[in-house]
Each structure stands twice: as C-alpha cells, then as structure tokens.
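Here's the structure we're looking at; comments come further down.
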Amino acid sequence: MTLEEDLRVTLHDRAAAAMPPADDLLTEVTLGVRRDVRRRRLVAGGAAVAVVTAALAVPLLRHDDGRHQPLPAASGSLADDWDRGSWSPAPFFSLRPTWVPADLGTRPEVLQLGYNEVLQYEKDGDVLSAETGPQEPDWGAETTGEHSADVGGRTAIVRTADDYDGAGPGDRFIAVRWKLPPSDLWVQVTSFGDHTEAEVLRFARGLDGGTGSVAGTSPAPFTFSAWPPRMTTQHQSPTQVCLIGRDQRQQRQPEGLCILVTEEPFAPGTDGERLTVAGRDAELYLDAGSLTVDLSAGRLLSVTWDPETMPLSRDDVLRFAGGITYHG
C-alpha cells in the first residue's frame, strides 16, 4: 500500500465514523507517514548493509536548543542548481479574522495542506479552525444536521453533529463552508468543542470581512541550508514539512520530499545502509526513498521521498539531511 493509499484509507475510515478534532486528524496523518517509512524499509529488503561515515559539506543536523552558533556557510560541491542559504518555510493564512472567541486566545497555528492554508486555534480540547484554498476541504466528521446560512451575502452550508469521538459533555461539531469570489476559493470554518453556532458564524463572517494575513506564531519546525531547486512547501505542521516541485500538482495529504520528527527509539533493520549523518546514527534505504536519523532521547528524524518522481542521489540525500536544523 502506498502512502497516498494509506492516507486515503485513514481519512475515509475516519470520515465514516465520528471524528476527533482537527489536531487529532493531523496525528492520524502523521501515523500514516510513519507507516509509510516502515513500508519503505520493508520493500527495500536485500540491500547491502554497510557502516560508513557520510562526508557532509553543509551544517550539522542538530536539535536547536538556542545555544549553538549561527549556521556556517556551506562549502564543498553541490549541484549547481541547488538552492542554498538559511531557509525556514513560513506559511501564512490569507484571511485575517476580525473576531475570535476570547477563551481560545490569540496564538493560532498556521498550517499548510497542499494548496490550502489552515488557521487553527486550540485550547483545553476546543478547536476552531479555518481553511481556505482551491481544494475542497474535508468536512471532518459524520454530521447529523445540515442547513444554510448567510456569510457576507453568500449562501453557506452549515453541518452539525451533537457527538463525535472524544467529545465531552456539551461539545458539538459545527462546520460552515462557502466559496469566496471572484477567485472561487473554498473557505471552511470548523469547530470541535463547546462553542455555539452563533459564535462559529460570527468568526466565519469576520474572516470574510478581514483584511491582511496571519503569519504563524509558532516557529517552523526546521531550517534548511540546502535543498533541491524549484521547490515549494507542500505541507507544514508542528512536526513535519514536505517540499514539492513548483510545477507539480498538489494534494492535501503530505507528499514530496518530507521531513518528519517522531517520538520513537532508533531501531535499524538488517537491510538498510548503516551510516552516520553529522555524527548521528542513521539508516538509509536509497532505492525506497527513506533516511532515518537518530536524534537521541527517543526521537527520530525521517526524510522520505518518491525515487521515481524525485531521483535524488545518495550524496544529495546526505547533504540535504546534514543541512537540517530541527527546532523542537
């Protein structure tokens, strides 16, 4: 099963049942990516095992604890068309809200799902999110009620459910979806928790009338010092970033060159290439598009890609991974 199929099954199964808040859905997506990493290791069986040290010409991969020196300049040879510097993906949400429920605070996360932007507030189990973009969002739950409402002079669909997986007493699911002319972009506001429909609609109508944009208040999880040319951010969440070619059509699920940090011990198999990346133990399955690096303290950094659509060389992968700083 491919990553896309795995995620499609996950999302279908979750949509067929009552669903948890959106942050839990991101957890499900992360678990799907972790399963994909393990799948890549299995299909790469038969590769020779070697213990080597990668000679990296870019900054060391490290955990950013605020005490290290600034990134040194890259040296050595990279492909002439590779981009270099110090870059952290920085998604933004293009509709600034004019009102947010006071109990959710003012520090939202800004996420990216393919071409769509997501603004998400979360506190004490309550989640209020807004998504906009050319791709139709998922409803996120099995709903029991549907009616229409006016949002800025446009007819919006409102779907509701009195219960969902993980709901507490008085919690309710409410989602409002409409299209924003003249670009015909989708906009959807989704609430999991104790907020009323009137509050959700007030937030939605405020988005419609907002001006400017909202940048993420949380730092990007990674900084890169070298990356393949003509790439753009396809996915960003607190623990994962995916890069994809600017000319490639995108989906909402993570795809492309993906970097993910998970909480699990380093447990290399018997078929991968054992090596060190910037002094850290690592395991590479080049033909399967998977590199796993031990960050210590029970954490792994995984780099995955599709070798058919992104034929990276061994040196490319090691240089790219060696130039990652993790801000966790």
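For region 144-151, the criterion of being within 17 Å of S94 (Cβ to Cβ), touching a Phe, Trp or Tyr at 6+ places or on another chain (Cβ under 7 Å) and in contact (Cβ under 8 Å) with a residue 24 or more places away in the chain is met by at least one residue. If you go through region 233-242 one residue at a time, do you hit one that is within 17 Å of V118 (Cα to Cα), modelled with pLDDT under 95, assigned to a loop (DSSP other than H, G, I, E, B) and open to solvent by 40 Å² or more (accessible area, probe 1.4 Å)? Yes, that holds for at least one residue.
Filtering region 185-223 to residues that are assigned to a strand (DSSP E or B), surrounded by fewer than 22 Cβ atoms within 10 Å (Cβ to Cβ) and at pLDDT 95 or above leaves only W186.
When we screen A90, A57, A48 for residues that are in a loop (DSSP other than H, G, I, E, B), surrounded by 15 or more Cβ atoms within 10 Å (Cβ to Cβ) and at pLDDT below 90, the only hit is A57.
Is it the case that region 290-303 has a residue that's among the small types (G, A, S), within 24 Å of D81 (Cα to Cα) and touching a residue at least 12 places away in the same chain (Cβ under 8 Å)? Yes; the residues of region 290-303 include at least one that is among the small types (G, A, S), within 24 Å of D81 (Cα to Cα) and touching a residue at least 12 places away in the same chain (Cβ under 8 Å).
The set of residues from region 159-184 being open to solvent by 60 Å² or more (accessible area, probe 1.4 Å) and closer than 20 Å to D138 by Cβ comprises R159, D162, D163, D165, G166, R172, K179, D184. When the residues of region 278-327 are filtered to those that are over 24 Å from A220 (Cβ atoms) and among the aliphatic types (A, V, I, L, M), the one that is most open to solvent (accessible area, probe 1.4 Å) is L286. When G153, G125, G133 are screened for being of a type in the set (G, A, S), on the phi > 0 side of the Ramachandran plot and open to solvent by less than 10 Å² (accessible area, probe 1.4 Å), only G133 passes. Restricting attention to region 102-122, the residues being crowded, with 18+ Cβ neighbours inside 10 Å and touching a strand residue (DSSP E or B) at 6+ places or on another chain (Cβ under 7 Å) number 14.
Taking the numbered list (1) without any contact (Cβ under 8 Å) to a residue 12 or more places away in the chain; (2) assigned to a loop (DSSP other than H, G, I, E, B); (3) charged (D, E, K, R) in turn, D247 passes all entries but (1). When L119, L95 are checked against the criterion of being in a loop (DSSP other than H, G, I, E, B), touching a residue at least 12 places away in the same chain (Cβ under 8 Å) and of a type outside the set (D, E, K, R), a single residue qualifies: L95.
Annotation note: of R249, R230, the sole residue that is modelled with pLDDT under 85, open to solvent by 20 Å² or more (accessible area, probe 1.4 Å) and within 24 Å of W82 (Cα to Cα) is R249.
The values are calculated or read from the model by the stated rules, or taken from the named source; none is laboratory data. In this text, all values refer to a predicted model and were calculated from it rather than measured experimentally. Quick reminder, even Gly has a Cβ in these numbers, built from the backbone with ideal geometry, and neighbours come from all protein chains shown. Heads up: the accessible areas ignore ligands, DNA and RNA and are worked out on the full protein's heavy atoms, side chains in. Shrake-Rupley method; radii C 1.70, N 1.55, O 1.52, S 1.80 Å.
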